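The values are calculated or read from the model by the stated rules, or taken from the named source; none is laboratory data. Since this is a predicted model, take the numbers as computed values, not measurements. Cβ placement follows ideal geometry from the backbone for every residue including glycine, while neighbour counts extend to all protein chains displayed. Remember, those area values only see protein heavy atoms, side chains included, never the ligands or the DNA or RNA. Shrake-Rupley method; radii C 1.70, N 1.55, O 1.52, S 1.80 Å.
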Amino acid sequence: MLRNVLCILTLLFLLGCGAKKKRTYSKNRTPTITVEGSIEEAAPPKISRKEEGENTKAQSIIATAMTFSGTRYKFGGTTQKGMDCSGLVFVSLKENDIEFPRVSHQMAEHGKRIKVGQVQKGDLLYFKTGKSGKRINHVGLVVDVDRNEIKFIHATTSRGVIVSSLREGYWNHAFVKAMRIL
């Protein structure tokens, strides 16, 4: 009996993202960590007004997400006390006036699918981390793209809200798709 209970609790813990929860977050936070891009020696490319607006929105969403850096993992969490992966993305978008689903596998149905080589800051990366791998159960927000390395912020069950690289074996293997929502 105890073994069955432990198996169920372990399964729930590993599934990570997806619970729907009442909005319990505050808009009054200040960023503690920033992500800086690499300094290019060449002149920056010309950016259209539309792209400039999208870049500004992406930076704002990233800044919101980064305020949760170091927050412990909590299934269904959406506050500094605890956060799950879809909660992190949901809150970051919501605080920047973007309505989006709360659950990672539902989030994955919105936006435009893009190739990894086209990924930009503010795009979303989706993963299948469960053993069965039947559906998307993890999401991360791209915070930096430097040559061939894509860094994304997400909430992990083991280390809480952190920035990881898509180059890391675990995340590269679990990666499913990238989506543009801006």
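Name the pairs whose Cβ atoms lie under 9 Å apart, with the first residue in region 147-159 and more than 13 Å from Phe127 (Cβ to Cβ), the second of a type in the set (Ser, Thr, Tyr) and outside any strand (DSSP E or B), and 6 or more positions between them or separate chains?
From residues that are more than 13 Å from Phe127 (Cβ to Cβ), the pairs are Arg147/Ser38; Ile153/Ser69; Ile153/Ser92.
Per-residue answers, yes or no, for (1) modelled with pLDDT of 95 or more; (2) open to solvent by less than 50 Å² (accessible area, probe 1.4 Å); (3) under 16 Å from the mean Cα position of the chain (by Cα); (4) under 17 Å from Ala155 (Cα atoms):
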{"position": "Lys22", "(1), (2), (3), (4)": "no, no, no, no"}
{"position": "Lys27", "(1), (2), (3), (4)": "no, no, no, no"}
{"position": "Ala63", "(1), (2), (3), (4)": "yes, yes, yes, yes"}
{"position": "Gly70", "(1), (2), (3), (4)": "yes, no, yes, yes"}
{"position": "Ser86", "(1), (2), (3), (4)": "yes, yes, yes, yes"}
{"position": "Asp97", "(1), (2), (3), (4)": "yes, no, no, no"}
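Could you check region 86-122 and list, in sequence order, the residues that are among the charged types (D, E, K, R), out of contact with any Asp or Glu (no Cβ under 7 Å at 6 or more places or on another chain) and under 18 Å from Ile162 (Cβ atoms)?
none
Would you check which residues across region 102-133 are closer than 16 Å to Ile61 by Cβ and open to solvent by 30 Å² or more (accessible area, probe 1.4 Å) and list them?
His110, Gly111, Gln120, Lys121
Give me a count of the residues in region 134-171 that are part of a loop (DSSP other than H, G, I, E, B) and open to solvent by 30 Å² or more (accessible area, probe 1.4 Å).
So the answer is 9.
Which condition from (1) of a type in the set (S, T, N, Q); (2) part of a loop (DSSP other than H, G, I, E, B); (3) under 14 Å from the mean Cα position of the chain (by Cα) is the one that Ser92 breaks?
All conditions are met except number (2).
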